[in-house]
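Colleague: After the structure tokens below, expect a handful of questions from me.
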Amino acid sequence: MEHVDTLITARWIVPVELVPVGTRSRVLDHHAIAIRQGRIVAIEPEAVARTRFSADQLIERPSHVLLPGLINAHTHAAMTLLRGAAESPALDHWLKAQVWPLEKRWVDAEYVRDGTELAIADMLTSGTTCFADMHLFPEVVAQTASSARIRACIGLPVIDQPTVWADSVDEYLSKGLQLHDDYRDDPLITTSLAPYAAHAVSDATLTRVRRAADEIDLPMTMHVNESHTQVVRNGERTLARLDRLGLLSPLLSAVHMVHLNQDDLDLASRSGLTVVHCPQSNLKLGNGVCPIRALRARGVNIALGTDGAASNNDLSLLDEMRTGALLETGVITWQMDGSLPMTAHDWLRAATLGGAQALGLSDSIGSLVPGKWADLCSIDLARPHSQPVYDPVVNIVHSISRDQVTDVWVAGRRLLADGRLTQMDPVDLMQRARGWQQRIAATRTDD
């Protein structure tokens, strides 16, 4: 028999495949996944796998579905410490009157570490195995994610204004590219260039970001057209400006992309960029709804993100899938051009393989394929509210709750086992969160 580290049997396995929109992915009944040295060795019918493999650990999941781990393509992990602290329904007021004053007072390395750890626990317990982050002190985010054994793409912040982390664009880029070099060979930590937002960064800075991205083939991520006030800068539409500066390319993940016209849609389609859809945050801050159907009809890759817990207020991609699916079919807007809506299978692809493509990681994660890293999650469908099961993917998108996530593996390491975190102490996390709540509450205003 062939030896493996772990053999997982399951009622259903959904490998997730890159297929045309509207096409149903394969659902494998009574199959098993064999894992060795952190990678998928084989996916076989259960009876065949039990005969072929001997395993150090056999895990049986008779009422569960195994999926690729979910990929949260946009977070501000440290902002989890501001969950519920800023509740304005308007983005500009939320940022300028509530969030930025608190962050100016409190953000430091300790804040980022504790907020990121809390965020990682939130994500792991809802099936996420990889997240893309955008925050100051990215070296702390990287260290925290590495210690927790979760996969992360760390945004290297670039802002025209000085902050507690860097004084100039030169320093942002110097410190960021050094961090990229520090983690160049790390199996779990990658990096991306992360100018804060297209409307808030100068042409000169964006040009430097693009040159750096081109030189080392590094992904870029930034907020684009999140609100109606961010669409035009000095008389030029944002996507036209990014195109002029050479930033519209497959390296770019454009986050939010709520306010688009036909020219914007055409530019997005021609460029090969990814749109990171954050439906719950966009709704909560009153920004509107990204025209997902129009983008997808033009072949644009769609990924999903939660944004930060300060504007969401959780980091569950399970919730984002459901909200995104309901918005797309329930909101009648100009995007309803006769194209077919995304199916539950399409939304699962957005939350897995679409996110991997956005981060430049689709060759190694995002689907369950022999040779890829064993990043996966197990969801128990044996609950009254998720029965009967005609198609487990439909139940995942429309029926389940996060407490049905039983197990999570990253690179074959089990980080959630029977609903319990294996690498983190939730009691300690919550004690630290309460400590921050008491400090922050003392300086928070309700303006």
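Colleague: Name the pairs: first residue in the range 30-46 and on the phi > 0 side of the Ramachandran plot, second residue surrounded by 18 or more Cβ atoms within 10 Å (Cβ to Cβ) and among the aliphatic types (A, V, I, L, M), Cβ to Cβ under 7 Å, at least 6 apart or on different chains?
Modeller: Close Cβ pairs (under 7 Å, with a partner that is surrounded by 18 or more Cβ atoms within 10 Å (Cβ to Cβ) and among the aliphatic types (A, V, I, L, M)) amount to Gly38/Ala374; Gly38/Ala411.
Colleague: From Leu58, Leu102, Leu82, grab the single residue that is over 21 Å from Ala417 (Cβ atoms) and surrounded by fewer than 21 Cβ atoms within 10 Å (Cβ to Cβ).
Modeller: On the way: Leu58 fails: over 21 Å from Ala417 (Cβ atoms); Leu82 fails: surrounded by fewer than 21 Cβ atoms within 10 Å (Cβ to Cβ).
After applying the criteria, what remains is Leu102.
Colleague: From the set of residues in the range 86-97 that are surrounded by 19 or more Cβ atoms within 10 Å (Cβ to Cβ) and out of contact with any Ser or Thr (no Cβ under 6 Å at 6 or more places or on another chain), which is farthest from Asp186 (Cα to Cα)?
Modeller: By that ranking, first place goes to Ser88.
Colleague: Let me ask another. Checking the structure you have, find out if any residue of the range 268-278 is modelled with pLDDT under 95 and on the phi > 0 side of the Ramachandran plot. Walk me through it before giving the result.
Modeller: From the range 268-278, those modelled with pLDDT under 95 are none; that's our starting set.
No, that holds for no residue.
Colleague: Oh, and also: Residues that are of a type in the set (Ser, Thr, Tyr), under 18 Å from the mean Cα position of the chain (by Cα) and crowded, with 23+ Cβ neighbours inside 10 Å: list the strands (runs of 3 or more DSSP E) wholly contained in the range 119-211 that include at least 2 such residues. Can you show your working first?
Modeller: Details: elements: 128-133, 151-158, 189-195.
Output list reads 128-133, 189-195.
The rows are residues; the columns are (1) in contact (Cβ under 8 Å) with a residue 60 or more places away in the chain; (2) under 27 Å from Arg349 (Cβ atoms); (3) surrounded by 15 or more Cβ atoms within 10 Å (Cβ to Cβ).
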site	(1), (2), (3)
His223	no, yes, yes
Glu236	no, no, no
Arg241	no, no, yes
Gln262	no, yes, no
Cys278	yes, yes, yes
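Colleague: Output the number of residues of the range 243-253 satisfying the condition of being free of Cβ contacts under 8 Å to residues at least 40 places away in the same chain, crowded, with 20+ Cβ neighbours inside 10 Å and not in a loop (DSSP other than H, G, I, E, B).
Modeller: Final tally of qualifying residues: 1.
Colleague: For the range 392-442, name all the residues that are among the β-branched types (Val, Ile, Thr), touching a residue at least 12 places away in the same chain (Cβ under 8 Å) and either assigned to a loop (DSSP other than H, G, I, E, B) or touching a strand residue (DSSP E or B) at 6+ places or on another chain (Cβ under 7 Å) (or both).
Modeller: From the range 392-442, those among the β-branched types (Val, Ile, Thr) are 393-394, 396-397, 400, 405-406, 408, 410, 422, 427, 440; that's our starting set.
Cutting the leftovers down to touching a residue at least 12 places away in the same chain (Cβ under 8 Å) gives us 393-394, 396-397, 400, 405-406, 408, 410, 440.
Selection gives Ile396, Ile400, Val405, Thr406, Val408, Val410.
Colleague: Could I ask something else about it? Among the residues of the range 73-113 satisfying the criterion of being within 14 Å of the chain's Cα centre (by Cα) and not in a strand (DSSP E or B), which is nearest to Asn287 (Cα to Cα)? Steps first, please.
Modeller: Here is the first cut: in the range 73-113, the residues within 14 Å of the chain's Cα centre (by Cα) are 73-77.
Narrowing further to those that are not in a strand (DSSP E or B): 76-77.
Working: His76: 18, Ala77: 21 Å.
Going through the qualifying residues, I end up with His76.
Colleague: Just to be sure before I move on: is Thr116 in the same structural domain as Ala325 (by TED's automatic domain parsing) and either in contact with a helix residue (DSSP H, G or I) (Cβ under 9 Å, 6 or more places away or on another chain) or in a helix (DSSP H, G or I) (or both) in the structure I sent? Write out each step before concluding.
Modeller: Values: in the same structural domain as Ala325 (by TED's automatic domain parsing): yes; either in contact with a helix residue (DSSP H, G or I) (Cβ under 9 Å, 6 or more places away or on another chain) or in a helix (DSSP H, G or I) (or both): yes.
Against the criterion (in the same structural domain as Ala325 (by TED's automatic domain parsing) and either in contact with a helix residue (DSSP H, G or I) (Cβ under 9 Å, 6 or more places away or on another chain) or in a helix (DSSP H, G or I) (or both)), Thr116 qualifies.
Rundown of residues vs (1) under 22 Å from Pro279 (Cβ atoms); (2) assigned by TED's automatic domain parsing to the domain that holds Leu91; (3) of a type outside the set (A, V, I, L, M, F, W, C); (4) in contact with a strand residue (DSSP E or B) (Cβ under 9 Å, 6 or more places away or on another chain), yes/no style:
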{"residue": "Leu315", "(1), (2), (3), (4)": "yes, yes, no, yes"}
{"residue": "Gly324", "(1), (2), (3), (4)": "yes, yes, yes, yes"}
{"residue": "Pro341", "(1), (2), (3), (4)": "yes, yes, yes, no"}
{"residue": "Ala351", "(1), (2), (3), (4)": "yes, yes, no, yes"}
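Colleague: Now a separate question. Among the residues of the range 266-289, which ones are closer than 14 Å to Thr323 by Cβ and either assigned to a strand (DSSP E or B) or among the charged types (D, E, K, R) (or both)?
Modeller: Hits for the range 266-289 are His277, Lys284.
Colleague: Test Val289 against the criterion of being out of contact with any Pro (no Cβ under 6 Å at 6 or more places or on another chain) and over 30 Å from Gly115 (Cα atoms), and give yes or no. First the steps, then the outcome.
Modeller: Numbers: out of contact with any Pro (no Cβ under 6 Å at 6 or more places or on another chain): yes; over 30 Å from Gly115 (Cα atoms): no.
Taking the combined requirement at face value, the residue does not satisfy it.
Colleague: Among (1) of a type outside the set (Phe, Trp, Tyr); (2) closer than 26 Å to Phe131 by Cα; (3) not assigned by TED's automatic domain parsing to the domain that holds Gly354, there is one condition Glu103 misses while meeting the rest; what is its number?
Modeller: Only one criterion in (1) of a type outside the set (Phe, Trp, Tyr); (2) closer than 26 Å to Phe131 by Cα; (3) not assigned by TED's automatic domain parsing to the domain that holds Gly354 is unmet by Glu103, namely (3).
The values are calculated or read from the model by the stated rules, or taken from the named source; none is laboratory data. Since we're looking at a predicted model, the values are computed, not measured. Ideal geometry is used to build each Cβ from the backbone, glycine not excepted, and the neighbour counts take in all protein chains shown.
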